[in-house]
Amino acid sequence: MSTLSTPPERITIARTPPFRVPGTALLLLFGVVGFAALVGYLATEYNILLVLGGILALAGLVLMFVEPDATTLIILFVTYANLTVVAVRFHAVPEFLSVLFFFFLGIPLLNYMLFRRQRIILNRVLFMMLAYLGVLLASAVLSGQAEESDGRIVAYLTEGVALYFLILNTVRTPELLRRGIWALILAGCFMGSISLYQELTHSYDNSLGGLAQVGESEISTGVIDPTTDADAGRLRLAGPIGSKNRYAQIMVVLLPLALFRVRAERSWSLRVLAAAACIPILGGALLTFSRGAGLSIIITVLAMVYLRTLKVRHLLAISLAGAVFVLLVIPDYVYRISTVAELGELVTGGANQTSGSVQGRATENLASLNIFLDHPILGVGPGQTNLYTAEYGNEIGLRLLQGTRRGHNMYLEELADTGLLGFVIFMGIVLFTMYELAQVRRRLAASRPDLAYTAAGFLLAIIAYLATATFLHLSYIRYYWLLLALAGAAIQVYHAAAAAPGQEQA
């Protein structure tokens, strides 16, 4: 009987396929290596910060075309942090790039018009702004020296009308508006964190490429230096803006926006981030040692209580936290804010007991008032008050003024510049915006509290700006019109949200 044996198994030897690099990956590899070599070469030949800034700018430009909505967020952050101006002043970037930067908002605008087939948005405020432009032109022509108003009118056209129109037409959804607010808050965190670092390290002689500028004049601290037997003065920080009081103003405006993100956000992590953001923002504002900023913060907090957006117990907690922060980080600010009492002496007739800066500002403001009284209808021409301030101020006899001096009050200077007609339209723009925000807040309070809190944040941010404007003339106007433009966008998209409840959060 034969035995059948099982045939042996056939052994298969696996062959390793030859290693092949896909053409796309190979091209990417050579691109990365070549790009790294180019960066290395440029870094050795030129300023490394300028090279990195150029790379970031190129990456941002590519992102603008790939993600149009990201364009809006990038421009909001860069504009508010004043990065383009810093690039011009400190890194030899052509000035026209700074002026035209926010016109990149045309990219998402074209996306909405051509690809999404959406209409152009116009609102009442925009028409009021055009009416105000007509007053500016008429006032300039009747002044007899219209060329002196060119700068003011061109700035209003580009950083006012055009900026408002572009933001109104690119921030079209509650979610994009929400992200836009965060872009401003993060810009404030960025600026304030640099200021806190500069203060804690006492690196006042290092501007960090223009991001940490310092005021030239010192202020009194009320402390006597035992080595010199003189007042131990200190410098005031100006961040990337370069102007101390203006830096304080734009930081104060962000506080209500950040505080109301704590109420409006649904995520606890974002609520904590919004609360934490208030620390560098407040720090940056107070390190300017601007007395107007301190008073404006107090006015804004009281307005929050009046509008019932802040309870008394929360007011006490915030006040205590703020006092502890100031005493630990910026103790010199306590003495600085105490000098506000000089205003009382000025009013009661003790002008000789006040400081030179208080006398100077009072003289400039009184001069602006007298200029308006002599030219009540259309003023002396937009941007021309400074040509007459010294002449009118020196007649008052409080302090001698020399050269061209602007009024330190937005309202008085506006009256002097454009008269009662221009002032009424100018204030009508902001007051109508505030009225619309209040209406939106009331309408959405029950159905969409997150949107109502955001509207309240914009309302109080405008109040903060108007409070600081009592001590400052209107300059760096892009910040003012940027705030009003975002508020106008909020009104636009929230009216739509009220008509169609259940939409995305903002």
Inside region 242-263, can you point out the residues that are crowded, with 24+ Cβ neighbours inside 10 Å and touching a Phe, Trp or Tyr at 6+ places or on another chain (Cβ under 6 Å)? 250, 253, 260
Within region 324-361, which residues are modelled with pLDDT of 75 or more and part of a loop (DSSP other than H, G, I, E, B)? 330, 331
Condition (residue is farther than 29 Å from residue 291 by Cα, under 22 Å from the mean Cα position of the chain (by Cα) and not basic (Lys, Arg)) applied to region 413-423: is it met by at least one residue? no
Answer yes or no: is there a residue in region 421-431 that is in a helix (DSSP H, G or I) and either of a type in the set (Ser, Thr, Tyr) or more than 28 Å from residue 375 (Cα to Cα) (or both). no
The one condition residue 380 fails out of (1) modelled with pLDDT of 80 or more; (2) part of a helix (DSSP H, G or I); (3) of a type outside the set (Ser, Thr, Tyr) is (2)
Consider residue 489 carefully, then state whether it is without any contact (Cβ under 8 Å) to a residue 40 or more places away in the chain, within 15 Å of residue 175 (Cα to Cα) and crowded, with 23+ Cβ neighbours inside 10 Å. no
Condition (residue is assigned to a helix (DSSP H, G or I), surrounded by fewer than 21 Cβ atoms within 10 Å (Cβ to Cβ), among the charged types (D, E, K, R) and modelled with pLDDT under 95) applied to region 77-100: is it met by at least one residue? yes
So which of 87, 92, 162 is assigned by TED's automatic domain parsing to the domain that holds residue 240 and among the aliphatic types (A, V, I, L, M)? 162
The condition of being touching an Asp or Glu at 6+ places or on another chain (Cβ under 6 Å) and either in contact (Cβ under 8 Å) with a residue 12 or more places away in the chain or aliphatic (A, V, I, L, M) (or both) holds, among 287, 270, only for 287
Helices (runs of 4 or more DSSP H) contained entirely in region 106-178, each with at least 1 residues that are surrounded by fewer than 20 Cβ atoms within 10 Å (Cβ to Cβ): 106-110, 124-142, 150-156
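The values are calculated or read from the model by the stated rules, or taken from the named source; none is laboratory data. These numbers come from a predicted model, not from an experiment. Note that each Cβ is placed from the backbone with ideal geometry, even for glycine, and that neighbours are counted across all protein chains shown.
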